[in-house]
Amino acid sequence: AQPWRGVLEEYREWLPVDEDTPVISLGEGGTPLVHSAWLSSVVQGDVWLKVEGDNPTGSFKDRGMTAAISVAVGEGAKAVVCASTGNTSASMTAYAARAGLTPIVLVPHGKIATGKMAQAVMHGAEVIQVRGGFDECLQLSRALADEYPVALVNSVNPVRLQGQKTAAFEIVDVLGDAPDVHVLPVGNAGNISAYWMGYREYADAGLATHRPRMWGFQAAGAAPLVRGEAVARPETVATAIRIGNPASWQLAIEARDTSGGRIDAVTDEQILDAQRRLGAHDGVFVEPGSAAGVAGLLAAAEAGEVDPGLRIAVTVTGHGLKDVETALSGVESVVDSVIDADVHDAAAAAGLA
Ligand code: F0G
């Protein structure tokens, strides 16, 4: 079998690139679709996890970034800018490094996970911390791109969503049809819009018999789409989705309504609980923001809102190693026991003897 070639090559005919577009790739996409026995039994259906933390920079952002950076390079860009809660910047800086572009990163001061910050630094970026949240950072990066010679690669750049839609293609390619429901976290609302586009295009082309209902979940302290109005000071432990005024607001509402889906909120407690249970039951370690979809599915199941027998795909968007502080903050002690190197002591400590 041929090795996976990255989403631009694998799905070229579905993407806004031609033979002159340079391909800037890290081999992104082709991520595992892992069956969850635990969630399947909870919802009495068939639940599949799309593990997007397995992308090169540890999140789904790489799918959109290979597309956006390739197109930007083809158009002659020398510098790129993004606002980010951490994953977009980790991804942008990696692809910019490969392309020889100058990366400019605007992040909310003190509100991005250390692992994500380390990624941008290692990829050689100028990281600018802004006194404000993601929404202010995005305004600023739009203004920079308007007034200076830098290309904007946030998901307001339509090429980003084009790249991200390939995750929906992969799910249908593996399952043989679309799932009945697709569940995912929602922040700036680009990804739910991208999946919906991908599912629609595949169904329109006859590659799926139907389109899934889209179920998006926001953090309760950052749930503008649920409340129906922008949130001035969004707060959540899930910093990835700490966003009060999503750029793809209209597209997300359209995805929800035309799919017969829902966008609801989950508390930080539900998010952290889902994160831990996913790690302990399925062996999948995700960052808090990524667990919002699982948290929402669990809440819906508990409320009796999930019909039995459904095939459900859940995107877990980013890797748990990006934010170990939050993961460990709820743990009483990282190390349960300290012993001498003695087999009897080890057996006793492990509960074997
Ligand atoms: N999950 C993770 C891990 C994210 O990093 C993001 C967004 C989302 C979910 C939400 O996706 O914005 O398309 O609705 N992160 C952006 C960033 C905002 O800057 O990395 P969305």
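The values are calculated or read from the model by the stated rules, or taken from the named source; none is laboratory data. Note that this is a predicted model, so its numbers are computed, not measured. Positions of Cβ are backbone-derived with ideal geometry, glycine not excepted, and every protein chain shown enters the neighbour counts.
If only one of Ala37, Ala1, Ala77, Ala72 is of a type in the set (A, V, I, L, M), within 21 Å of Glu170 (Cα to Cα) and not assigned by TED's automatic domain parsing to the domain that holds Pro288, which one is it? Steps first, answer last, please.
Values: Ala37 fails: not assigned by TED's automatic domain parsing to the domain that holds Pro288; Ala77 fails: within 21 Å of Glu170 (Cα to Cα); Ala72 fails: within 21 Å of Glu170 (Cα to Cα).
That would be Ala1, the only listed residue that is of a type in the set (A, V, I, L, M), within 21 Å of Glu170 (Cα to Cα) and not assigned by TED's automatic domain parsing to the domain that holds Pro288.
Residues of region 184-207 being surrounded by fewer than 24 Cβ atoms within 10 Å (Cβ to Cβ) and in contact (Cβ under 8 Å) with a residue 24 or more places away in the chain, which ones?
As a first pass, look at region 184-207 and keep what is surrounded by fewer than 24 Cβ atoms within 10 Å (Cβ to Cβ): 197, 200-207.
Selection gives Met197, Glu201, Tyr202, Ala203, Leu207.
Residues are listed down the side, and each one gets a yes or a no for (1) touching a Pro at 6+ places or on another chain (Cβ under 7 Å); (2) within 12 Å of the ligand (Cβ to nearest atom); (3) assigned by TED's automatic domain parsing to the domain that holds Ile171; (4) farther than 23 Å from Ser89 by Cα:
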{"residue": "Asp268", "(1), (2), (3), (4)": "no, no, yes, yes"}
{"residue": "Ala274", "(1), (2), (3), (4)": "no, no, yes, yes"}
{"residue": "Asp282", "(1), (2), (3), (4)": "no, no, yes, yes"}
{"residue": "Gly293", "(1), (2), (3), (4)": "yes, yes, yes, no"}
{"residue": "Gly296", "(1), (2), (3), (4)": "no, no, yes, yes"}
{"residue": "Val306", "(1), (2), (3), (4)": "no, no, yes, yes"}
{"residue": "Thr315", "(1), (2), (3), (4)": "no, yes, yes, no"}
{"residue": "Gly320", "(1), (2), (3), (4)": "no, yes, yes, no"}
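Restricting to region 123-141, name every residue that is outside any loop (DSSP other than H, G, I, E, B) and farther than 23 Å from Ala223 by Cβ. It would help to see each step written out before you state the result.
So the first thing to find is which residues in region 123-141 are outside any loop (DSSP other than H, G, I, E, B), and the list is 126-130, 134-141.
Once the filter is applied, which keeps residues that are outside any loop (DSSP other than H, G, I, E, B) and farther than 23 Å from Ala223 by Cβ, region 123-141 yields Glu126, Val127, Ile128, Gln129, Leu140, Ser141.
Which of the residues belonging to region 165-186 are assigned to a loop (DSSP other than H, G, I, E, B) and under 19 Å from Leu8 (Cβ atoms)? Quick ask: steps written out before the conclusion?
Step one: of region 165-186, the residues assigned to a loop (DSSP other than H, G, I, E, B) are 165, 176-180, 186.
Scanning region 165-186 gives a single hit, Lys165.
For region 42-97, name all the residues that are within 12 Å of the ligand (Cβ to nearest atom) and among the small types (Gly, Ala, Ser).
Listed by number, the residues that qualify are Gly53, Gly58, Ser59, Gly64, Ala83, Ser84, Gly86, Ser89, Ala90, Ser91.
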